[in-house]
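Comments concern the structure below.
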Amino acid sequence: MAWKRLLLVFGIGAPLIAVLAFGFTRDPREIPSPLIGRQAPPFAVRLADGRALALADLRGRVVFLNFWASWCPPCRAEARALEASWRRHRDQDVVFLGVNMQDREDAAREFLREFGITYANGLDGGNRIAIDYGVWGIPETFILDRNGRITYKHIGALGAETIHAKLEEALRGEVSRREGKGDYRSIR
């Protein structure tokens, strides 16, 4: 009878441990987002200027949605490229929206001032928006087409060439085949 229990424990326990061990060896950046090609989760955010903005208000325009924090070195590295890309694309029915998370409001405002950020930015105080989007590292960016469908996700800092190419794809309604990867900071 004892050998049957031992066999049962090893028969169930060993495969379970093997699956868990395999999961711990995986880089979370290699797990594809289930959101690509689907409607973006709805949200509302209070912007730095005090206005409220809902994602539904942006329907009909391509949305560049960037999650960031002032303490994040890759966020600082991409800040000027994001602002330059915003200025380049703002007349093309494209909206940039920054969502600050896990940060102090005064530090976020100083970051916006330091880098001369002029596109809309809001604070995700309870990290609800980030949770709905499955954000696990910052910066993390989602690009939405005119119908609110996520066409691209990038984990890590973005360069101007990638931003331009992915916005052009979204303007044409094309969904990227794979996610982008770059330098990031884990939020967990």
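Some observations on this one:
- The C-beta contact set for the stretch 156-172 (first residue under 23 Å from GLY137 (Cβ atoms), second residue among the aromatic types (Phe, Trp, Tyr) and modelled with pLDDT under 95, distance under 6 angstrom, 6+ apart or interchain) comprises GLY156/TYR184.
- Taking the listed residues ALA54, ALA44, ALA40, the one that is surrounded by 15 or more Cβ atoms within 10 Å (Cβ to Cβ) and either aliphatic (A, V, I, L, M) or in contact with a Ser or Thr (Cβ under 8 Å, 6 or more places away or on another chain) (or both) is ALA40, with no other qualifying.
- Selection from the stretch 138-178 of residues that are closer than 15 Å to ARG61 by Cα and in contact with a Cys (Cβ under 7 Å, 6 or more places away or on another chain): none
- Test result for ARG80, free of Cβ contacts under 8 Å to residues at least 60 places away in the same chain and of a type in the set (Lys, Arg): yes
- The residue that is nearest to HIS89 (Cα to Cα), counting only those in the stretch 110-140 that are among the aliphatic types (A, V, I, L, M) and either assigned to a loop (DSSP other than H, G, I, E, B) or not assigned by TED's automatic domain parsing to the domain that holds PHE96 (or both), is ILE117.
- Among all positions in the stretch 67-75, there is no residue which is hydroxyl-bearing (Ser, Thr, Tyr), farther than 21 Å from ILE131 by Cα, at pLDDT 95 or above and buried (at least 16 other Cβ atoms within 10 Å of the Cβ).
- Filtering the stretch 18-56 to residues that are at pLDDT below 70 and more than 16 Å from the chain's Cα centre (by Cα) leaves ALA18, VAL19, LEU20, ALA21, PHE22, GLY23, PHE24, THR25, ARG26, ASP27.
- Looking across the stretch 90-149, just one residue is basic (Lys, Arg) and under 17 Å from SER33 (Cβ atoms), and that is ARG149.
- Residue within the stretch 141-152 that is of a type outside the set (A, V, I, L, M), in a strand (DSSP E or B) and more than 23 Å from ARG76 (Cβ to Cβ) present: yes
To keep it simple, each residue is scored yes or no on (1) over 18 Å from ILE138 (Cβ atoms); (2) out of contact with any helix residue (DSSP H, G or I) (no Cβ under 9 Å at 6 or more places or on another chain).
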site	(1), (2)
ALA44	yes, no
ALA69	no, no
ALA77	no, yes
LEU97	no, no
GLU110	no, yes
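The values are calculated or read from the model by the stated rules, or taken from the named source; none is laboratory data. The structure displayed is predicted, hence computed values, not measured ones. Cβ coordinates were reconstructed from backbone atoms using ideal geometry, including for glycine residues, and neighbour counts include every protein chain displayed.
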